[in-house]
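Derivation of every value follows stated rules applied to the coordinates shown; laboratory data play no part. It should be emphasised that the depicted structure is a prediction, and the values quoted were computed from it without experimental measurement. Counting neighbours? That spans all protein chains shown, and the Cβs are built from the backbone with ideal geometry, glycine included.
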Amino acid sequence: MGAWDSGVFDNDDAADWINELADANDLEILNNAIYAVLDTPDYIEEPEGARLLCACEVVTAFRGKLSTNIPDEVRQWVKNHESLDTSPLIPAALQAIDRVLGDDSELKQLWEENEQDYPKWHEAILSIKRRLYSLMQPDNVS
């Protein structure tokens, strides 16, 4: 895994995913990232975990729950596609994050090897999870 910081978008897989996002005109890229994790019965490989986290950040961004480290090109993509409804993806995104935080996640295992940065990475993922969960509350449902 080529990572230059502990943020969701601070790695090679995320950079590749952002390039794919730029060409997307619908939510298929988000759906694919989420279900690539959910449809894997056992071990979640690192690239799938990294893509899932990017997709979850985009889901929260659509509902105004942006992370401070979202790249400008992702913010612009969300703005350009603001009519898309990510609400149906929220429950699946939450389930998928739990899988990436589980013991059968290569991404989690790789970050655990980095004792200095793992707590920061883990907190960033928990922040995404909290933001997703808050979107399921009745006052946030469209």
*Would you please give the FRET efficiency between Leu84 and Glu113, computed as 1/(1 + (r/R0)^6) with r the Cβ-Cβ distance and R0 = 35 Å, to the nearest 0.05?*
0.45
*Whose amide H sits under 5 Å from the amide H of Ser105, counting only residues 5 or more places off or on another chain, with H placed in the peptide plane?*
Ile44
*Please provide three numbers in whole Å: the alpha-carbon extents of the chain along the principal axes, with the largest listed first.*
40, 29, 27
*In sequence order, calculated HN-Hα J values of the range 24-29 (Karplus, 6.51, -1.76, 1.60; Hz; x Gly/Pro)*: 7, 10, 8, 8, 4, 5
*Separation of the Ser127 and Asp26 label points, Cα + 7 Å toward Cβ, nm*: 3.3
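If each residue of separation counts as 0.36 nm, what is the full-extension length gain between Thr40 and Asn19 once their alpha-carbon separation is subtracted? Spell out each step's value before the answer.
On the way: separation 21, 0.36 × 21 = 7.56 nm, distance 2.39 nm.
Contour length minus the Cα-Cα distance gives 5.2 nm.
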_5 Å binning of all Cα-Cα separations within the range 9-63, expressed as whole percents from 0 upward_ = 4, 21, 32, 25, 13, 4, 0
*Nearest-ten-degree value, helix 90-100 long axis tilted from longest Cα axis of the chain*: 10
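Got the relative contact order for the chain handy, in percent, Cα pairs under 8 Å and 6 or more residues apart?
Numbers: 164 pairs, mean separation 42.0, N = 142.
The value is 30 percent.
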